[in-house]
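Here is the structure we will look at.
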Amino acid sequence: MTSNVDPYGSLAALFTTPASPETSHAHAAPRIGEVTTVLVGNLPVMAGLWTTQLADEVARAFGPAGLVRFERGEVTIELLRADGRQVPPAGPGAVSRWLPRGAGALRRWLVCVPADTAPAEYMDASERIVLMLGADEAAVTGGYLRLKQLCDEGIHRGRPVDRVGIVVVGASPDQADAAFRKLGEAARSFLGLEVDLVARLPRIERVESSARASYPGDECPGVGAFLGELANARSQAALRFDAGDDLPASIPIDGSVHPKSAPARPQPTVPAMNHAPAAPGPFAAAPNGHATPPAARSAPAYAALPMAELPPRLVPLLRGLRPLGIACPLAPELELALDDEHRMHIVGRSDQLARVRTVRTWATMHAELLGLAFPELKGGFEVRERILLGDARDAIVLHGTGALLDVLVVAQTPSGPVQVVVPLNDATTCG
């Protein structure tokens, strides 16, 4: 940036410039990984505002996100769109102890470090590296130098860097594209490095921050150690909910498993099925408390098979809900419903969580208008995000997102197939 720019005027402009159609939230979601290392380069005004803006865009698209900033001897953790989740109180080792819980609850992570941080500190543990910069000449020049430093370190380690993401902030789409092209051409020509445009952030908008805290740097792991601990915590969280693909599609009612099938794994406790009459279990309890298999039968009486497809309307399948009778204009394919305690439920499918969150934002912004239209919603209301699954394995990636999860199965009974909705969590365990 040039020295004659008024920093206060620039800051005001970034907040007050009217949003155009090109800068609305209809643009594509940021193209990042599940864990992304963000190199914070030369940015207009305060860097923390822009990193939080990027994290909010990520959370808007993918669900709850964690922003971790290493700066000035401190580590700051902020949770975006995390539905009431909290960060740990300060204390030695607090961040490391919290990571296993945080890893299972957050869908995306952004770990931000100053662009001049030595690449050796983060290269080995980074899944994806992104450079954030402004669009002015100084920012582009400084960005190229940081990319060169990164490439040189990769060659020195024998693991060349082949691609880096770019986020351009504080500029119009045309200015951002021009800066990206200039930097990309230089990187390809002189460094042999490909760059891709992750996101444009033209202005600073309102974000939905759930929690934020800062910790002394000497009480937290360094950048490389943090990335390693986060990778381990995420791996352990995934293992806890990984059902595996080596199990048979269904197990006969007598409990037998074919020789080629994997050994049976311990079955999780399933909440009571209050949506439809429950079929009796295949095993009866013996006096000693252990289950004993029943006598062999010629054919299974009951078996639960996942449905390949869900019906067009989901609310009628969920006991205790009644349709609200309107739809959000931003996502009319989703269903709105009320429960007996006048809570609004936004109901969608396994691939619609981002759309559900869009509807939640819409409902929150129009709460007063909804209260005028529906007496049950007058004076404010609670919103529940709800996902109905056709395959319980889809719950793995949705665990800890704060959404209520149900799975629809078909139970084969002597009188024919019966649809059963099984809750997989509740308001206290959804994250």
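Close contacts from region 381-399, counting a first residue that is among the basic types (Lys, Arg) and a second that is surrounded by fewer than 19 Cβ atoms within 10 Å (Cβ to Cβ) and not in a strand (DSSP E or B), with Cβ to Cβ under 6 Å and a gap of 6+ residues or different chains, come to Arg384/Arg343; Arg393/Ala243. Taken over region 166-220, the residue count meeting the criterion of being within 24 Å of Arg128 (Cα to Cα) and among the aromatic types (Phe, Trp, Tyr) is 2.
For region 155-234, which fully contained strands (runs of 3 or more DSSP E) count at least 1 residues that are under 19 Å from Gly33 (Cβ atoms), of a type outside the set (D, E, K, R) and touching a residue at least 12 places away in the same chain (Cβ under 8 Å)?
Qualifying strands (runs of 3 or more DSSP E): 163-169, 194-201.
Restricting attention to region 214-228, the residues being within 17 Å of Ala103 (Cα to Cα) and surrounded by 14 or more Cβ atoms within 10 Å (Cβ to Cβ) number 7. The number of residues in region 377-407 being of a type in the set (Asp, Glu) and modelled with pLDDT under 90 comes to 2.
State all residues of region 121-138 that are in contact (Cβ under 8 Å) with a residue 60 or more places away in the chain and outside any loop (DSSP other than H, G, I, E, B); if no residue qualifies, say none.
First, the residues of region 121-138 that are in contact (Cβ under 8 Å) with a residue 60 or more places away in the chain: 121-122, 124-134, 136, 138.
Hits for region 121-138 are Glu121, Ile129, Val130, Leu131, Met132, Leu133, Ala138.
Only a single item in (1) at pLDDT below 70; (2) surrounded by fewer than 20 Cβ atoms within 10 Å (Cβ to Cβ); (3) over 30 Å from Val383 (Cβ atoms) is not met by Val45, and it is number (2).
The values are calculated or read from the model by the stated rules, or taken from the named source; none is laboratory data. All of these numbers come straight from a predicted model, not from anything done at the bench. Reconstructed Cβ throughout: ideal geometry from the backbone, glycine too, with neighbour counts over all protein chains shown.
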